[in-house]
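One structure below.
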Amino acid sequence: MRRGQIQDETTDQRLLDSRGPTDWVHSDPWRVLRIQSEFVEGFGALAELGPAISVFGSARTPEGSTEYVAGVKIGSALANAGYAVITGGGPGAMEAANRGAVEAGGVSVGLGIELPFEQGLNEYVDIGINFRYFFVRKTMFVKYSQGFVVLPGGFGTLDELFEALTLVQTRKVTRFPVILFGSDYWRGLLDWVTHTLVADGKASKADLELIHLTDDVDEVMELLRTATATRVIPERPE
């Protein structure tokens with residue numbers, strides 16, 4: 001730069017100067033970098049995890065309840081079968097699955113989310129990551145899992161359930177088992193899907209085959225074994 005274009009400050013000086021406005025921290029371009037950093041952190045932490053299954057369920061499931069006990073059994077069975085167990089890292093059903101994995105000597109993963117009322121990662125998490133953005137966290141659940149096991153839960157669990165079903169239905173992921181555990185809890189939802197959604201033409205009968213319903217931990221493991229053994233891997237483009 002010459003003449004009137006010469007600046008009194010250098011780029012390094014502006015970088016190292018702690019003074020000045022901080023509004024840029026909250027701008028959309030800066031958020032893009034934060035999002036990128038979360039993807040990098042998640043990929044780096046989980047890239048060498050090995051076979052894993054994501055287990056979802058309510059944070060409000062009380063310890064000692066039938067659902068909590070089932071979560072512990074599922075986490076233990078998954079660990080004994082050589083799977084890492086991935087949950088949202090919170091209390092309730094998530095804690096139960098993480099606990100089962102740890103007590104069986106397996107790998108327990110918690111992918112937390114920044115929420116105003118969240119209690120933080122449960123004590124049974126071996127590998128923990130806290131995310132700011134739900135969509136980054138959801139990517140990690142799917143990318144590093146061979147299937148989903150869904151215990152009774154609320155809106156968050158339903159969100160994760162239908163996200164997975166949409167990805168399988170649209171073939172964004174292939175041969176990805178989605179297993180609902182707890183027929184008394186989930187039967188009403190499946191009846192609505194069958195008699196309203198499918199009956200009204202909003203989904204096809206074939207879509208019902210994307211969902212498995214059971215109350216048996218052994219059946220969960222058999223469904224996962226069968227599905228992951230025949231999983232279709234899309235061919236790489238030339």
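When the Cα positions of LEU210, PHE43, VAL32 are compared along the charge dipole of the chain, VAL32 comes out farthest toward the positive end, with charges on each C-beta of Lys, Arg, Asp and Glu.
The 1.4 Å probe gives accessible areas that order ASP200, ASP191, ASP207, largest first, as ASP200, ASP191, ASP207.
Annotation note: trypsin sites (Lys or Arg not before Pro) in the stretch 132-197 located in DSSP loop regions with a Cβ neighbour count of at most 13 within 10 Å are ARG132, ARG171, LYS172.
Accessible surface computed residue by residue for the chain, with neighbouring protein chains in place and a 1.4 Å probe, gives 59 Å² per residue. Backbone geometry of the stretch 27-35 corresponds, through the Karplus equation with coefficients 6.51, -1.76 and 1.60 at θ = phi - 60°, to 3J(HN,Hα) couplings of 7, 4, x, 5, 4, 4, 5, 5, 4 Hz, x marking Gly and Pro. Using the Cβ-Cβ distance between ARG31 and ARG60 with R0 = 22 Å, the FRET efficiency computed as 1/(1 + (r/R0)^6) comes to roughly 0.10. Accessible surface ranking for GLU209, GLU160, 1.4 angstrom probe, highest first: GLU209, GLU160. Residue ranges 92-99, 177-184, 214-221 sort as 92-99, 177-184, 214-221 when ordered by packing (mean number of other C-beta atoms within 10 Å per residue, highest first). For the stretch 47-92, applying the loop criterion from DSSP together with a ceiling of 10 other beta carbons within 10 Å to the GluC sites (Glu not before Pro) yields GLU48. Could you state the angle between the C-alpha long axis of helix 183-192 and the longest principal axis of the C-alpha atoms of the chain, as a value from 0 to 90 degrees rounded to the nearest 10? So the helix axis and the longest Cα principal axis differ by about 80 degrees.
The values are calculated or read from the model by the stated rules, or taken from the named source; none is laboratory data. Small disclaimer: the values here were computed from a predicted structure and weren't measured. Neighbour counts run over all protein chains shown; Cβ positions are idealised from the backbone, glycine included. Only protein heavy atoms, including side chains, enter the accessible area calculation; ligands, DNA and RNA are left aside. Shrake-Rupley method; radii C 1.70, N 1.55, O 1.52, S 1.80 Å.
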